[in-house]
1. Treat every Asp and Glu Cβ in chain C as -1 and every Lys and Arg Cβ as +1, leave all other atoms uncharged, and give the resulting dipole magnitude about the Cα centre to the nearest 20 debye.
2. Any idea what Rg and Dmax come out to for chain B if you just take the C-alpha atoms, in Å?
3. Scan chain B and note any complete DSSP helix (H) whose C-alpha atoms cover at least 30 Å along its axis and whose Kyte-Doolittle average is -1.0 or more.
4. Please compute the volume of the convex hull spanned by the alpha-carbon atoms of region A:1-94 and report it per residue in Å³.
5. Of all accessible surface on chain C at a 1.4 Å probe, what whole percent is carbon and sulfur?
6. At 25 °C and a viscosity of 0.890 mPa s, what translational diffusion coefficient does Stokes-Einstein give for region B:382-432, taking Rh as the Kirkwood radius over Cα pairs? Give it in µm²/s as a whole number.
7. Any residues in region C:205-227 that have 40 Å² or more less accessible area with all protein chains than in their chain alone, probe 1.4 Å, and which are they?
8. Explain nothing, just the number: relative contact order of chain C, from Cα pairs under 8 Å at least 6 residues apart, as a whole percent.
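The values are calculated or read from the model by the stated rules, or taken from the named source; none is laboratory data. Predicted model only: the values in this text are computed from it and were never measured. Note that we place each Cβ from the backbone using ideal geometry, even for glycine, and neighbour counts take in every protein chain shown. For the accessible areas, the whole protein counts, side chains as well, though only heavy atoms, and no ligand, DNA or RNA atoms are used. Shrake-Rupley method; radii C 1.70, N 1.55, O 1.52, S 1.80 Å.
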Amino acid sequence: MKRTRMAEKGQRSLSFTAYAVTILFTVFSLIPVLWMVSSAFKSDKDIDAYPPKWIPQIPQSIRVTLDYSGLEPMEQADYEKDAMEATWFPWMKNIRENIGEVRITGIRDGKKIFQAYTESSSFRAGQPSIVPSTLFTDRLMDRKLPMIREKKLSTFTWYGDGGSDVSDGKGVAESALSSRFADFYGSSEIIQGKIATIEEKQAWTRMFDSFIAVNKIAMNAAGPLGFMKYFINSAIVTLSSVAIQLFLGGLAGYTLAHLIANKKWQFFWIMFFLATIMIPDISLLLPLYLLMKDLHLVNSLWAIILPHSAWGIIIFLFKGFFEQISKELLQAARVDGATEFRTFLQIVVPLSVPIFAAVSVLTFIPVWNEFVWPLVVNNLPQYWTFTVALNDLQNQSNVQQNMIMASSFISMIPLLVIFVFAQKYIEKGVAFSGVKG
Amino acid sequence: MKKKIRLSAASMLLLTVALTTAACGGNNGNGNGNASPSTNTAPENNAAASDSESPSASAQEDAVEIVVWDKPSADAADKAFKEEAFAAFEAKYPNIKVTHVEQTKEKEREQFMTAVAGGEQPDLYKNPYPDMESYIAQGIAADITDLWNGFEGKDGYLPSSLNAATVDGKIYGVPNDMYVTGLLYNKQMFADAGLDPAASLKDWDSFGAAAQKMTDASKGTYGYAILGMDWADWFFEYYVWQAGGDLTEKQPDGTAKLTFTSDATIKALQYYKDLKFKYKATQKNVVQSLDDNQKDFYTGRAASMIAGSDWIGGLVAKGMDLNNIGFSALPAGPSGKAPSQVGGSYWILNPKSSPEKQQAAFTYATYMTSKEYLQSVLQYNKDNGMFPNLLSVRTDVAVTDYVDGLPAEVVSGVQAAAKDTHLEYFLKARLSPYIVKPIQEALLNEKADLKSVLQTAQDLAQKEVVDKYNEEVKK
Amino acid sequence: MSIPGVNNRMTRITNIRWMPVLFLLPSVLCYLLFKYYPLLSMVRVSFFRYSIVNPPGEFIGLANYTEFLTSSTFWQAVSNTFVFFALYLGLTFWIPIVQALLLSDIRKANAFFRFMYQLPTIMPAVAGVLVWKWMYNPDFGLLNYWLHFFGLGPYMWLNDLNITKLAIVLPAVFAGNGISLLLYYSAIKSIPTEILEAAKVDGASPWRRMWTMLLPNIRFIIVIQFIAFMSGVLLAYDNIYVMTQGGPAGSTTVVSMLVVNTAFQQSRFGISGAMSLFMFFVIALLTVLQNKISAEKD
C-alpha cells in the first residue's frame, strides 16, 4: 500500500513536470514556424511592422469604373491598353500596399463596354518586365500590352455594344489607397477614361497570392515544366543517394557486425569510416570539384549523388542494428549452404526494415537541404536541385519576404509527408540499435 | 581486458592517422604525377587547339569558339534584348562562336574560382572593381595591353574608366560599366523635418544634426542608414577621405603603408561613433545587411544612405517614389572635400586562352561596350520604362539624351558627384576584415577607445598582410 | 571469426575469407575516392603556396602551417569555435535527452507532442535563421517587444559583442533537436519493460527510475550522438554564416569560416587546406579522448 502511494506521489510530480516542460518547449519551438506561416500570408509591409502583427490582413480589391462617355470612339485594343495603364501604373506607384486585385470596368453612356481583371500574383510576377520603374509613358504600354496578353497577366473581357446597363456608382471610396488611385487618374494624362467610381472590398481569396506568385515566377524562370524539373532533379538526387547509402552502408555494416571477428580489424574499419565525419565538408569543395572534373561528371546529377556514398555515421548505425541479429540464425542459414550475400538479402534485410527506414530519413533531410556543393559543381540550371533553385529565386528582385516564407513553407511539405509516414519506422529502427548498452 | 582494448583502440587510431599520412606521402607522388600533367595539358590542349586553329583560321576563317559567362537568367526583364544583341554579334562576326553560360546570383565568386581552379575559366568574364587587384596579382586576368593599344575604338572610353584595371602601366580589363557613389536622401523626410537638404548636407556637423532631427523612435524613422556589417570599410573609407586621408598609401616602390592610426582615420571613426551614439541618428541594428539598409530607405524608414548611382532604378522598382529621391555628393569633412568613389565592372580575359580566342573575346567585350550597343541599351531602357545607369564608361555616349522623365536634380546630382572621384583604398581585398573590426567595435561599443582599437588592427594587418605583401613586391 | 564448431568448414572458410572483402570493397572505394583522396590532395596542397592558375604553385614546406599557427586571427577563430562548442554543449546537447526522458512519461497525446517536436526540424534551415534574425532585430524585432512586457531589455542581440555568440546558439535550444529527440525517445522505448517493472517492485520512485534505469540504458545512443554533435558543432558553418557572416568584429568567426574565406575570398587554398587539416586532428583527438573517458566509465 505504502509503496504504491509513494510511487504515485513521485509519479504526479513527474507527470506534471513532463507536461509542463514538453508544452513549454513545443510552444517555444513553434514560434518561428508560426511566424513563417503567418508571414507567408502577410503583405510585405506588415512583416516588418512594429509592434509585430501576427494576423495577416486581408488584401484589398480595388474596383475602378472608368467612363468613356463623350470621348472619341476607340478601337477595342485602345480600350484594353487604357485599362492596362489604369491597372499597372497606379499599382506600381502603390507597390508596397496590400492590394489583392484590381478590376477596371469601362462604361460608355451608361453601358458596360469592357472589364479588366488583374490579381496580385500576376502583378508580382510581371512587375519587373511590365512596370520596372515609375517612368510611365503611353508608348511604354504599346510595348508591354503584347507581353501582358502573351503571359495572361491580366484578363480583358470586351462587351462592345452588348454590355449591360450600369447604375451610377458611389464616387470614390474613402480610403487612403482609393484616393491615391483617384489622384493618379486625375493627374495622369495617359489614361483617357474619367473616374466614375472607385470601390474597395476585402478579397480574402487573394491571401494565397504569395504562394501563387512564387509559382508564377518560377514558371517564368524555367518554363512550364521548369519547377517540376527541379523537383525531379531533387527527387532523383535524394532517392539515389539514399539508395546508395542503404546498399553500401548496409553491406558494410553487416560485414563489420558479423563477418570480421578480429577486434582490431573491426576497430580499424570503424575508424576508417567514422573518421570521415571529422573532415570539414566545405574544405573538400575544391579537391572534390577537381576530382569530379577528372571524372567528367561536372554538370551532372551524379556529381551531387556520388559524394553521398560516403557518410560515416550510417555504417555505424547499421552495425549497431545488425549486431542485434542472432548469430545462430545466420549460422543456420550458412549451414544450409546459403551464400553470404543471400543470407544478407534473404534473412538480414527483411529483419532490418526499421533501420533502413531510419537511415533513409536521417539522410533524406541533409541531402534534400544541401546547397553549396550542388551549386558549385553544377552551374547549368537544368541540373539544379529544388534547394538551389529556391535560393536563386530568393535573390530575384521582385521576390518579397512573404514569398520567401511561402516558398519555405512549400518546401517543408515533402519532408512533412516523409516524417508523418516514417516516424514509427524510425522509432523502431533506433529502438533496435539503441538497446546496445 | 577492457583496458587493453582501449589501448589498442587508441593505437589503432594512431595507426589510421599514420596510415593516412603514409598514404599521403605515397599519394603525394601520385598526386604530383596526376596534377602536373593535367595542369600542363590544359595549356597544351589549348596550344594544340590553336595550332590547328591558327593556320586554318587565317586560311578559311574557321569559327573561333569562346565561352562567356553572361547568359541572362530566364526571368531577366531584358532577356529578349540580350539575346537579340548576341545574335547581332554573331551576324556581324560569323567566325566567332560564343557560348553563353548563366551564373547563379549567389556564391558567384565560389563558382568562378572553382572553375578557374578546374581549368575551366571562361574566355571572358565580367567582375567588379574590387576583385581586379587580386585577380591581376594571381594571373587570372590576362594582360590585354597590346590588344587594347592596337584597338581603334579605345579613345571612345573614358580614360579614368581604366584606372582600376591598370597595374604598372599594363591593362587587364575592358571597362563594362561604372557607377559613382553619393548620398541618397528622401526629400519628403527632409521637408517634413523642416530641413533644407543643401544646408543639411554641407558638412559633418550639419548632417549629424539634421539626421538627428529626422530620427523619431515613435514613428520608427531615423536619419542615416549606416553600413556596419562586414562590408563596413566600403563606405567608411569615404569618411577618411573627407577627413583628408586614406586607409592605406601606395608607396612609390609599390609597397603598401597602413594609415589606420592617422588623424584622418581617427576623426572619421569618431564621426561614425558620433552618428550612432552622440546624434543617435542611425538604425539600432547597425550590423544589418546592405539590402536591409536599402529596404529601410525605400520604405521611408531611413532618411538617407550612401548609394551607388546605379542603385536608384532598383529602389524605384521596389516602391520608392522617384520624385522623392535626392542624390548629392557626401557632406564634406574636415578637409572640406568629399570625393565620390567610382566602381563598376570589367571584362577580363582568360590568360590561358589561345591568342585567337583572346582576340575573339576582346572583340566581343568591345562590342558589348561599343557606342552603338550602349546607345541601344539606353534606348531600350527608355522605351521600357527602365531606369538607366546614369554614368557611362564611354565619352561618346550621352546618357542625358535618354533620360526623359527623370528628375533633373538626380541626373545633375550624379554628374556633380562624378566630378571629384576616388578609387577604393589600396589592398582592400586583403585588408578589409582588419579594418572592419575596429569600425564595428566603434559602432557597437560606446566606450571603445578608438585610437587603441585602430592601433591593434593596424599592428595585426601589418604583421599578417602588409609585411608579406611588401616582401613579395620587393622580390 | 570464432564461430562455434560447425561442420562444412570448407564452404565457411571460402565465404568468410572473401565475403568481407567483397562486401566492404564498394564502401571502401567510395570513401577512398570521395573522402580520403580529396583529403590527401588537401594535405598535399597545404605544403604549397597554391596558385590557382598554375597549380599547385610553389612548394613552401611548412610555411602555411607556421603562418596560421602564428596568426592571432586564427587563434581568435579557434577560441570562438570552442566557446561555441561550450555554449552548444551547455545549452543544447542535453536538452533533447531531457525532453525524451520526460516525453517517455507522457501517456496522453504522446504522438501529438512527438509530431510537434518534429515540426521545427523540417523547416528549411535558412528560413529558420531568417526568422530568428528578424526576432533579434533591435529596431522592430519580436523578442525585445515581448521582453519589454516583463520589464526586460532592450537587448542588442547581434549588435552586442558580449552576446552575439549566445544569440547564435539560442535558436538551437528550442529547435533543431527533433531528430535527436526521436533517437533518444526510441531508445528509451526499447528498454525492456521487465527491467523497469523490477525496479518499480524494488520501490524506486519514478524520478529515480528515470535517472538510474532509463538514462544509463540509452548511453550507446548518447555516445553516437555526441560524436556527431562534436564534429557538427566544431565544423558549424551554415547557420553562423546566414546569421552574422562571422561578424560583428570577428566575434563569431569560427575556424570553418576562416577556412572558406581564405580559400574563396583570398584564393589561398594552401593555407586553407592546412587549417582544415588542423581541425581534423583536433576533432580526432577529442574523439579519442571522449572514447577513453566513456570507456573508463564502463
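1. Its charge dipole is roughly 820 debye.
2. In Å, with Rg to one decimal and Dmax whole: 26.1, 90.
3. Going by DSSP H runs, the hits are B:2-60.
4. Hull volume normalised by residue count: 163 Å³.
5. Solvent-exposed carbon and sulfur of chain C make up 67 percent of the total.
6. 185
7. C:PRO206, C:TRP207, C:PHE220, C:ILE224, C:ILE227
8. Contact order relative to length: 26 percent.
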